[in-house]
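The next block holds one structure in the form of structure tokens; read it before the comments.
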Amino acid sequence: MLVETQGLTKRYGRMTALDDCTLTVHRGEVYGLLGPNGAGKTTFLRLLMGFLRPTAGWAKIDGLDCYRNSVAVHRATAYLPGEAKLFPSMKGRDVLDFFVHVRPGGDLPRALKLAERLELDLSRRVAFMSTGMKQKLALAATLAADTPLVILDEPTANLDPNVRAEVALLVAEARQAGRTVLFSSHVLSEVEEVCDRAAILRQGRVVHLQTLAELRRRHRIRAHLRGPMPPLDAAKDQLTLVSQHNGEVVLETSDALTPALQWLAAAPLKDVSIEPIGLKTVYDQFHRSGSI
């Protein structure tokens, strides 16, 4: 395990920002954090960076206590905060040069290449950059650091779809290079695309852990029948009946589609549609408002 927390809790008086959070993140995986504002995602990441002292529990990165050994943790981690603060009087290239030289093993050519891929004009001063340009600059500075762990808090905020796609590609490349990425986002499709596993937080608590490869094997089947519905006996371990009304049945698969297709072959079908379950379906079980 590269990242491990046990009973991690942060309270401010009577308000609990994070409550009894126990997670493990494997080396070389991309781990997503999902939840609306106030769910505890940023508090969790700040505790990992040692910026906050836990009220209870502990967090470790590569065996190091995140609060007691925060300096060593910072050496092993590249962190993009949700609201990155950059030097307004500096030009973009100077900002990258600064961050490269304050970290051992900094690589300016790599930082410049990242800026190019993110379509960033480095000749402008930060004060005259748009919000999206500042986000690109912060991303280039963060991803240029050669660290085993990368923490990205809302990395695609204020970015257009093309650049969002490039960020997803950069995250995938980081995983291929053996780096571990913690990816906090409001965008379900991004988490579904880039992450190996994801934790859903609600009101400071982890309410669900999801393996994305497992989720991609699950499907929802909506069928209209011309006659009685055949029994599910042979496929009851792989098929779940969600609803049945006026000849319409909705079922969900727990794994491969093969048992469902066999059942459909015996059903008196009028029409049928099959679609992936998707992360939104799981997310809405815990945040039914869908406001993410």
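The values are calculated or read from the model by the stated rules, or taken from the named source; none is laboratory data. Every value quoted in this text rests on a predicted model; they were computed, and no experiment measured them. Neighbour counts run over all protein chains shown; Cβ positions are idealised from the backbone, glycine included. What goes into the accessible areas is simple: the full protein's heavy atoms, side chains included, and nothing from ligands, DNA or RNA. Shrake-Rupley method; radii C 1.70, N 1.55, O 1.52, S 1.80 Å.
Measuring nothing but protein heavy atoms, the accessible surface of the chain at 1.4 Å probe radius is 49 percent carbon and sulfur. Label positions at Ala76 and Val187, each projected 7 Å from the Cα along the C-beta direction, are separated by 3.0 nm. Scanning the chain for GluC sites (Glu not before Pro) in DSSP loops with at most 14 other Cβ atoms within 10 Å, what's the longest stretch left with none? By the stated rule (loop sites, at most 14 other Cβ atoms within 10 Å), 120-292.
Kindly state, to the nearest 0.05, the FRET efficiency for His101 paired with Thr281, given R0 = 30 Å and r defined as their beta-carbon distance. Step by step, r from the Cβ atoms, then E = 0.05.
Does a label point 7 Å from the Cα of Asn162, set along Cα-to-beta-carbon, have any residues of segment 128-156 with amide nitrogen under 20 Å, and which are they? Counting backbone N atoms under 20 Å from the label point, the list is 129-140, 156. Quick one: plug the Kirkwood hydrodynamic radius of the chain (C-alpha pairs) into Stokes-Einstein at 25 °C, 0.890 mPa s, and report D in µm²/s. The calculation lands on 116 µm²/s.
Using a Förster distance of 35 Å, how high is the FRET efficiency between Asp271 and Asp20, based on the Cβ-Cβ distance and rounded to 0.05? All intermediate terms of the calculation are to be shown ahead of the outcome.
On the way: r = 47 Å, r/R0 = 1.35.
Between Asp271 and Asp20 the formula returns 0.15.
Among Leu86, Leu264, Leu209, which one shows the highest mean-square fluctuation when the chain is modelled as a Gaussian network with alpha-carbon springs under 10 Å? Comparing Leu86, Leu264, Leu209 in a Gaussian network model of the chain, the most mobile one is Leu264.
Spatial offset of segment 48-98 relative to segment 169-245 amounts to 31 Å, using the alpha carbon center of each.
Pairing the Cα long axis of helix 131-143 with the longest principal axis of the chain, what angle in degrees results, from 0 to 90 and rounded to the nearest 10? Its long axis makes an angle of about 80 degrees.
With charges set only on the Cβ (+1 for Lys and Arg, -1 for Asp and Glu), what does the dipole of segment 103-243 come to about its Cα centre, in debye to the nearest 20? Can you show the working numbers first?
On the way: 21 positive and 17 negative charges, 64 e Å.
My answer is approximately 300 debye.
Taking 0.36 nm per intervening residue step and subtracting the Cα-Cα distance, what contour gain separates Arg288 from Glu252 on full extension? Please list the in-between numbers first.
Numbers: separation 36, 0.36 × 36 = 12.96 nm, distance 1.89 nm.
Stretched out fully, the Arg288 to Glu252 stretch lengthens by 11.1 nm.
Taking the chain as the region of interest, the number of lysine pairs whose Cα atoms are within less than 17 Å, with members eight or more places apart or on different chains, is 10.
Using the Cα centre as the reference, give the magnitude of the dipole from point charges on the C-beta atoms of the chain (Lys, Arg: +1; Asp, Glu: -1; all else neutral), rounded to the nearest 20 debye. Write out the running numbers ahead of the final one.
Working: 37 positive and 32 negative charges, 158 e Å.
Rounded to the nearest 20 debye, it is 760 debye.
Measuring how big segment 92-177 is from its alpha-carbon positions, Rg and Dmax come out at 12.1, 35 Å.
A 1.4 Å probe run over the protein chains yields, for the chain, 50 Å² of accessible area per residue, whole-number rounding.
What FRET efficiency, computed as 1/(1 + (r/R0)^6) with R0 = 25 Å and r the Cβ-Cβ distance, is obtained for Ser89 and Asp146, rounded to the nearest 0.05? Let's see the in-between values first.
Details: r = 28 Å, r/R0 = 1.11.
Calculated value: 0.35.
Pull out the extension gain between Glu173 and Gln203, defined as 0.36 nm times the separation in residues minus the alpha carbon to alpha carbon distance; nm, one decimal.
Working: separation 30, 0.36 × 30 = 10.80 nm, distance 3.26 nm.
Full extension from Glu173 to Gln203 adds 7.5 nm.
Taking the highest mean first, how do the peptides 129-138, 100-109 order by number of other beta carbon atoms within 10 angstrom per residue? Can you show the working numbers first?
Values: 129-138: 19.6, 100-109: 12.6.
So the peptides 129-138, 100-109, ranked by packing, come out 129-138, 100-109.
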